[in-house]
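Single-structure report; data block below.
Values in this text are rule-based calculations from the coordinates and carry no lab data. Keep in mind the model is a prediction, meaning the values are calculated, not measured. Neighbour counts run over all protein chains shown; Cβ positions are idealised from the backbone, glycine included.
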Ligand code: GDP
């Protein structure tokens, strides 16, 4: 009985928070993602990191391994089950998501190039984060470009900074202070993360290099801290279905499919859902809940495997009829009773509100 299963799940299951990476073009968003996904094969460090549709999942074991250099005494306690990081920074559909008060992200990493400071899209991202009260940290990226920087691959930032000569340390402080001033001009108080006494009052700045990996352990630990401090326990429990359409894609053999992020709840094959479409609301039944096949499964003919059900938070591809005019950036709503026409009508009206929001934003820019 599906309802019973859902009710049981909402009590016992934790879901992982969802993290987005934002920032001006060329600040290193893609490179940072690549670097945190990279696993150390020699040390068998994969820790269950899984590539999903539109997202990468880091189970807590992987987070622990990736933060080990900055948690050598093991004093830092992990409470989250893992972290889902959205893969498409700066993607077109993502800018839709960014512009309508979407609940896609629970937390965000705003990437700033330490050599450039705040740039136009940085300011835009900050406005969006402020509007929807999304907690965020700032990755002050490209520290390896400070003149004379001596790198120690994948090191904790403080340890690396201590190894630099005075000139490099001075240049770092100089650029840090300039960045803090620029943030203050935007009415954001900020602090270097280990000098930050209140994450509620000050935005934490974490210096990183996507090239050398320095500061990335600090960044992951910081984002975990922020999640644990600023997200209520409630948010982390599986409850009602919440989903966001990331992409609409034609796939050979499947027709038009949608890639969604399931922010919360559980979906089953056969569930009825309502989507926002350019030609009106789309009400359809989920035919396939598809996730990427693992390497060893690639002998079978499809690159996707079917799932009877999937649980938040994750990225999943949905095949269904009538998806041709679906719109990326809008929500996908779950129909509790497919025989209840009133419910469907209400959900259709609700989801079409997304279109107005998307359009008004597009016409403004
Ligand atoms: P995005 O547009 O924000 O996704 O930026 P990319 O990840 O594509 O990076 C833009 C450019 O900056 C590329 O040439 C990267 O190799 C370079 N880059 C990114 N991160 C770093 C870094 O930490 N150090 C240095 N030196 N270059 C970086």
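Observations, loosely collected:
- Residues 306, 116 arranged by fewest to most Cβ contacts within 10 Å: 306, 116
- Orientation-averaged projected area, Cα convex hull of the stretch 153-302 (nm²): 14.9 nm²
- The stretch 134-166 versus the stretch 14-34: alpha-carbon centroid distance in Å: 18 Å
- From least to most packed, judged by other beta carbons within 10 angstrom and beginning with the fewest, 204, 209, 239, 190 follow the order 239, 190, 204, 209.
- Cα shape, the stretch 162-208, gyration tensor, a/c 1.5 rule: oblate
- Nitroxide proxy distance, nm - points 7 Å out along Cα→Cβ at residue 133 and residue 158: 3.2 nm
- Per residue, the convex hull spanned by the Cα atoms of the stretch 106-240 amounts to 114 cubic angstrom.
- Which of 231, 115 has the fewest Cβ neighbours within 10 Å, and the rest in rising order: 115, 231
- Working note: Cα atoms of the stretch 237-340, range along each principal axis, descending, whole Å: 41, 34, 25.
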